[in-house]
Each structure stands twice: as C-alpha cells, then as structure tokens.
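To start, the structure under review is shown below, and the notes come after it.
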Amino acid sequence: MSKYALVTGASRGIGRAVAEMLASDGYHLYLTCLHSGKQLAEYAAELSERYRISCTPFVGDMGNADDVEALFSLIEDLDVLVNNAGISYVGLLSEMSPSDWRKVFATNTDSVFYTSRLAIPLMLRKHSGRIVNISSVWGNVGASMEAAYSASKGAVNSFTKALAKELAPSNIQVNALACGVIDTDMNRCFSPEEMEALRQEIPCDRIGTPAEAAQMVKSLLNAPAYLTGQIITLDGGWT
C-alpha cells in the first residue's frame, strides 16, 4: 500500500536528509520550506525521479495557521509527520525584541501544534501513524544566550509527551529527537573557533551529520508501537 509523509523545513539540513530517507523507503512526500522555494522544487523533482515517488513541494510558513491549512488542503492521506521546521536566536534575552521571541515560538512550537492538529484526523482514519518532532538538547537542559530557542524546544518536548499519551489508544506514536550539534546551516552563526570549541566538548570528537539524524528518525518510525512519548537524544554523548 502507498505510504505518505510530510516533512517540514525540508529544503536543507536535517529535513532534506529525512526527505531522502523517506523517499528511498518508498514514501510519497509533501515537503515544505519558507524561503527556498526554487531549491525545494528542484529537490522534490530529483527525489521523484530517483525513487519513483510523488513529491509535492509547498512554500509557506508553518508558524502561520492559514499557511498550514492551505498545505493540508493538498493532503488526503498521511502516515508520517516529521516536524523539522525551526529557527534559532543567539543573543542576550534583555536585548531580544518581543517580535523576535514570538517568531521563534511561532516557527519552533506553534508549527508543531498546527501540523499535528490537522494530521491527527488523517491518522485516526487508519488507526495508525507516527509523529516525530525534531527538538534539541537545549530543550532538555537550556543554553546561555539561547533562552527563546531553549524554551521553544522545551515546549516541544512537553507537547510530545502529552500528545503521545492522548494518541496512544489510537495507535499513533509521538516521539521527539533531541539533537546536539549537527552540521547544518543553523550553526553557521557560530565562528570556526566557536564550532571547534563545541567539537572539543563532544565525547565523539566530531559534529553530527544530517544523515545520522535522518537515520535516527528512521529508527523511530520503525520502532515498536510501545515506544511513544520519548525524547531521544542524539548528541555524541555531549549532555
């Protein structure tokens, strides 16, 4: 039977790697981004041709309820939802504007609510489904100069645990992947010296890759149904 998956923030980094993993497993895809529409369309066409699956790109803000409604008007069936869209903010909290705070929460946290609430009815029809939320180790322990990001990911973690309990009787599993330092554009705000300092703190002695994050997502999708409501950490032994 055909399988369908939605990956938000799929034009680069972890989302891009997750999209390819799912395509290689035969999933028909819906992929979203906000700023890289041409890049996403080209990638969707590439995946469609390479893996012989349908791949629908969508440009929109997952932190905007109307955009998410427009996205789901295109989706008739869904087995997997991977909430990957996210942004960071590095700076002193006292210098952060209310609009920047709101933007971080809209993108990182509100988006998970907007997509999940519309994905759930599609999954309930089949009495099955998997939701994986891409979180961060900072959602577990907090990071200096990243209070908004840490708080938004902490909210995602709590949301994951609560929704998993709500959906467990319906055979829909909800888990989160709390990533450490992964080699993505989100970390380009740090200097080479800062990245080297981070690397030296990681017991594995290296930065993680998007492919490794995608591999972990695959493990969660293939895990026993009894695994739900968990925040799985992928950080090379860092925290």
Suppose the filter is open to solvent by 30 Å² or more (accessible area, probe 1.4 Å), modelled with pLDDT of 95 or more, farther than 23 Å from E166 by Cβ and hydroxyl-bearing (S, T, Y); does S97 pass it?
yes
Here are V112, V137: which of them is under 24 Å from N222 (Cβ atoms), in contact with a helix residue (DSSP H, G or I) (Cβ under 9 Å, 6 or more places away or on another chain), surrounded by fewer than 21 Cβ atoms within 10 Å (Cβ to Cβ) and of a type in the set (A, V, I, L, M)?
V137
Restricting the search to region 99-156, which residues are of a type in the set (S, T, Y) and under 26 Å from L22 (Cα atoms)?
T107, T109, S111, Y114, T115, S116, S128, S135, S136
Counting only residues that are touching a residue at least 40 places away in the same chain (Cβ under 8 Å) and either in contact with a Lys or Arg (Cβ under 7 Å, 6 or more places away or on another chain) or among the aromatic types (F, W, Y) (or both), region 103-138 contains a total of 6
Please go through region 23-59 and pick out each residue that is on the phi < 0 side of the Ramachandran plot, among the small types (G, A, S) and in contact with a strand residue (DSSP E or B) (Cβ under 9 Å, 6 or more places away or on another chain).
A23, S36, G37, A41, A44, A45, S48, S54
Per-region count, region 166-211, residues outside any helix (DSSP H, G or I), touching a Phe, Trp or Tyr at 6+ places or on another chain (Cβ under 9 Å) and open to solvent by less than 70 Å² (accessible area, probe 1.4 Å):
7
Residue hits (region 143-165; open to solvent by 40 Å² or more (accessible area, probe 1.4 Å), outside any helix (DSSP H, G or I) and small (G, A, S)) are S144
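The values are calculated or read from the model by the stated rules, or taken from the named source; none is laboratory data. From a predicted model like this one, the values you see are computed outputs, not experimental measurements. Note that we place each Cβ from the backbone using ideal geometry, even for glycine, and neighbour counts take in every protein chain shown. For accessibility, only protein heavy atoms count, side chains too; no ligands or nucleic acids. Shrake-Rupley method; radii C 1.70, N 1.55, O 1.52, S 1.80 Å.
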